[in-house]
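Written out below as structure tokens is the structure these notes cover.
The values are calculated or read from the model by the stated rules, or taken from the named source; none is laboratory data. Please read all numbers here as calculations on a predicted model, not as lab measurements. Counting neighbours? That spans all protein chains shown, and the Cβs are built from the backbone with ideal geometry, glycine included.
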Amino acid sequence: MTGFSNTAHLLKAEIHCHLEGAAPPSLTEAQAEKYNVDIRHILRDGAYVWSDFAEFLVCYDAVAALFRTAEDYALLTETYLLELAAVDTIYSEIIVSPDHGDRIGLGADAYIAGVCDGIHAAREKTGIEARIIVTGERHFGPDRVVSAAEYAARAKNPLVTGFNMAGEERMGRVADYVRAFDIARDAGLGLTVHAGEVCGAFSVADALDLVKPSRIGHGVRAIEDMALVERLVELGTVLEVCPGSNIALKVFPDFDSHPLRRLKAAGVRVCINSDDPPFFHTSLAREYEIASQDMNMADAEINAMTRTALEAAFVDEDTRAKLLARLDA
């Protein structure tokens, strides 16, 4: 990739980023110092250290463990959103886990309150809009995912607008988790689910059959089944594609073989996102660069993906209209 930026002038948006996975190494170092924790096993020379998906999860959990109070979460959220705003990002959806808030003894309410404080602070400083997607973590089992959905449903928080399921894709069947999505749907929350990343096209088909989400997190392995690709086009389902993450986790060997261009050419609605940016040596700005330079997409094609992200965003129609007007201006 060349050193100069082709896409700095483009407005940006993303709808798939895990909050703890967005912690910049410099902030992680400051938190480790604050709590007197040795993190040399997970952070070296300003970069997170892991070699496969299992190690990535260990590294991720070790970083997440350094954020312990509502104030820590406000700082993390504001730091990430200010970083996005600095590269002309107008909208972000942050994936958070109330389960994590409970597990660290902070409690889900204080955890979410801290995230909301960070969103408000960043919006006041830069105008960036952000919303929260509550996620259930698949590997903790159906009951915990249902609890996360119930939490999101009763939160009645204007910033909590979506429900997701993330975590280890190979554990359990989608059918085991359907009740959680029914609860979230009944509460008026937008639905998205991680599928078609670690597991193949069948996991995307299962999600469409059973969850009927408007969006799929990743979904890139749908390319293995052209009938499924046609179905995604027909349904208008949006794929939240994270190219840098896919290459870092060896879902595909390189950007040449990544299916983003083929999915887009087939008529699938796609947008670009950063997932867990510093863990995968990327950022939202870099994802836009990858689309431009590694995938040879023109500005108009990239803007179309930004428009898709805003059209698929879990926001009220008034906010969506304002965001689209900013993009068009």
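Among the residues of region 54-73, which ones are of a type in the set (A, V, I, L, M), in a helix (DSSP H, G or I) and buried (at least 16 other Cβ atoms within 10 Å of the Cβ)? First the steps, then the outcome.
Looking only at region 54-73, we keep the residues that are of a type in the set (A, V, I, L, M), and these are 54, 57-58, 62-66, 70.
Retained after the next criterion (residues that are in a helix (DSSP H, G or I)): 54, 57-58, 62-64, 70.
62, 63, 64, 70, listed by residue number.
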Task: Where residue 251 falls short, out of the listed (1) assigned to a loop (DSSP other than H, G, I, E, B); (2) among the hydrophobic types (A, V, I, L, M, F, W, C); (3) free of Cβ contacts under 8 Å to residues at least 40 places away in the same chain - done: (3)
Task: Subset of region 290-312 [under 20 Å from the mean Cα position of the chain (by Cα), surrounded by fewer than 21 Cβ atoms within 10 Å (Cβ to Cβ) and not hydrophobic (A, V, I, L, M, F, W, C)] - done: 303, 307, 311
TODO: Say whether the condition of being of a type in the set (D, E, K, R), modelled with pLDDT under 95 and farther than 22 Å from residue 79 by Cβ is met by at least one residue in region 260-272.
DONE: no
- [ ] All but one of (1) part of a loop (DSSP other than H, G, I, E, B); (2) among the polar types (S, T, N, Q); (3) within 30 Å of residue 303 (Cβ to Cβ) hold for residue 92, so report the exception by its number.
- [x] (1)
Open item on the list: Can you tell me which residue is farthest from residue 81 (Cα to Cα) among those in region 248-289 that are buried (at least 23 other Cβ atoms within 10 Å of the Cβ) and of a type in the set (Ser, Thr, Tyr)?
Closed with: 288
Open item on the list: Just to be sure I understand the filter: pairs with C-beta atoms under 8 Å, separated by 6 or more residues or on different chains, first member in region 50-64 and free of Cβ contacts under 8 Å to residues at least 40 places away in the same chain, second member surrounded by 17 or more Cβ atoms within 10 Å (Cβ to Cβ) and among the β-branched types (Val, Ile, Thr). Which pairs pass?
Closed with: 58/42; 62/39; 62/42
Task: Any chance residue 150 is farther than 30 Å from residue 253 by Cβ, free of Cβ contacts under 8 Å to residues at least 60 places away in the same chain and surrounded by fewer than 22 Cβ atoms within 10 Å (Cβ to Cβ) - done: yes
TODO: Given the conditions (1) of a type in the set (D, E, K, R); (2) under 18 Å from residue 108 (Cα atoms); (3) crowded, with 16+ Cβ neighbours inside 10 Å, report the number of the one that residue 197 does not fulfil.
DONE: (2)
- [ ] Those residues that are assigned to a helix (DSSP H, G or I), among the charged types (D, E, K, R) and surrounded by fewer than 17 Cβ atoms within 10 Å (Cβ to Cβ), I need them from region 313-329; list them, please.
- [x] 317, 318, 322, 326, 328
Open item on the list: Is it the case, given these coordinates, that residue 204 is in contact with a strand residue (DSSP E or B) (Cβ under 6 Å, 6 or more places away or on another chain) and farther than 23 Å from residue 172 by Cβ?
Closed with: no
- [ ] Residues being farther than 21 Å from residue 101 by Cα and of a type outside the set (A, V, I, L, M, F, W, C): count how many of those fall in region 34-75.
- [x] 10
Task: Residue among 76, 82 that is crowded, with 23+ Cβ neighbours inside 10 Å, at pLDDT 95 or above and in a helix (DSSP H, G or I) - done: 76
